[in-house]
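Have a look at the structure below before the remarks.
Where a number appears in this text, it was derived from the coordinates with a stated rule and is not lab data. Just so we're clear, the structure is a prediction, and the values are computed from it rather than from any experiment. Every residue, glycine as well, gets a Cβ built from its backbone with ideal geometry; the counts of neighbours run over all protein chains shown.
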Amino acid sequence: MGIKMKEMLAKKILTEAKGYLDVGFTHSLNPYSGCAFACRYCYVREMPIQRFKEIPWGEWLDIKTNAAENYRKEIMKLRKKKNPLNIFMSSATDPYQPIERKTEITRGIVEEMIENPPDFIQIQTRGPLITRDIDLLLKLKEKCDVLVSMTLETDREDIKQIFAPYAPGIKLRIKALKEVHDAGISTQASISPVLPFTPDFPKALDGIVDHIWIDTLSIGDGAMGKRSERLGMPKLFEEHGQSRWYEKNLHLKVEKYFNKYFSSEMIRVSKNDAFLR
């Protein structure tokens, strides 16, 4: 799959948190626009940033070359108001795109955060490349609360291939999460959205996560499942004989199952369209 990439100067890098992020988070931060991982269920496909674009989702990526510079200016201005700054990176892309290895846009932002830290930063990714930045994350951890949240929708590679064929492999993500956790950085497994998994899924996370986030397509797409329906997700589940994994109360069943292996304090569950990841 070819990806059309272009460099751009962003007007702003911090966006005020609204909707499902407006519980605990004050801002979202997206170092890129677009996403090379092109997950078939991604709710961003149904957002204005994509709906009014002629190029399909997953086939374009805008690189915000001035992201770190903008962050510095914006956070210094926000700090004058003396309000808490809790950042979610990222809400509409993945901060560890494959091109990040070369561009180091996200790394530059983290370097700037060390100098001008928020109060809390959650890095939401499915990119094993995050292990490259462990050195910086350890420095940032001394300045603010840091949570690395790795998206792990399933432990089945065959299921990943159906729903997210261009995303990094599950084993690579688990290995990266372990590396981050072993370095002493707080970690979370984001089962978001829940896709069919094996009974051994909890065992794969044992000892490498501090938190587990459970989210479903029926609840967590920012529109109570309507975006996922428009994306044809019920049909895709049905085509692969997995319809029972699409029911409305799936999050409650998954929570109950994971509670057999982890304390309830470790588990967070999306129960409406406003949540803290």
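Relative contact order for segment 4-269 using alpha-carbon pairs under 8 Å, separation at least 6, rounded to a whole percent? Spell out each step's value before the answer.
Details: 474 pairs, mean separation 43.4, N = 266.
16 percent.
How would segment 149-220 be classified by its alpha-carbon gyration tensor: rounded, prolate or oblate, with rounded meaning a/c under 1.5 and the a/b versus b/c comparison settling the rest?
Values: a/c = 1.77, a/b = 1.43, b/c = 1.24.
Since a/c reaches 1.5 and a/b is larger than b/c, the shape of segment 149-220 is classed as prolate.
In the chain, which whole DSSP H runs stretch at least 15 Å along their own axis (Cα) and average -1.0 or higher on the Kyte-Doolittle scale?
Details: long enough: 67-79 (18 Å, -1.14); 105-115 (16 Å, 0.32); 170-182 (18 Å, -0.29).
Span-like helices, by this rule, are 105-115, 170-182.
For a test of the definition: using alpha carbon positions, the gyration tensor, and the 1.5 limit on a/c, classify segment 87-134 as rounded, prolate or oblate.
Working: a/c = 1.89, a/b = 1.31, b/c = 1.44.
Oblate, because a/c is 1.5 or more while a/b does not exceed b/c.
Give, in nm to one decimal, the length gained when the segment between LYS82 and TYR166 is fully stretched (0.36 nm per residue of separation minus the Cα-Cα distance). Please list the in-between numbers first.
Details: separation 84, 0.36 × 84 = 30.24 nm, distance 4.16 nm.
Working it through step by step, the gained length comes to 26.1 nm.
Considering only Cα-Cα distances, which of the following residue pairs are longer than 30 Å: LYS141/LYS175; LYS4/LYS77; LYS81/LYS139; LYS12/LYS171; LYS81/LYS141; LYS77/LYS175?
Over 30 Å apart, Cα to Cα: LYS4/LYS77; LYS12/LYS171; LYS77/LYS175.
When Rg and Dmax of the Cα atoms in Å is calculated directly from the model, which label among (1) 27.7, 108; (2) 20.8, 71; (3) 17.9, 55 fits?
For Rg and Dmax of the Cα atoms in Å, the calculated option is (3).
Starting from the 7 Å offset along Cα-to-Cβ, what nm value, one decimal, do you get for the label separation of ASP206 and SER263?
Distance between the two pseudo-spin positions: 1.7 nm.
Return the percentage of antiparallel bridges among DSSP beta bridges fully within the chain, rounded to the nearest 5 %. Write out the running numbers ahead of the final one.
Numbers: 6 of 35 bridges.
Around 15 percent of the beta bridges assigned by DSSP in the chain are antiparallel ones.
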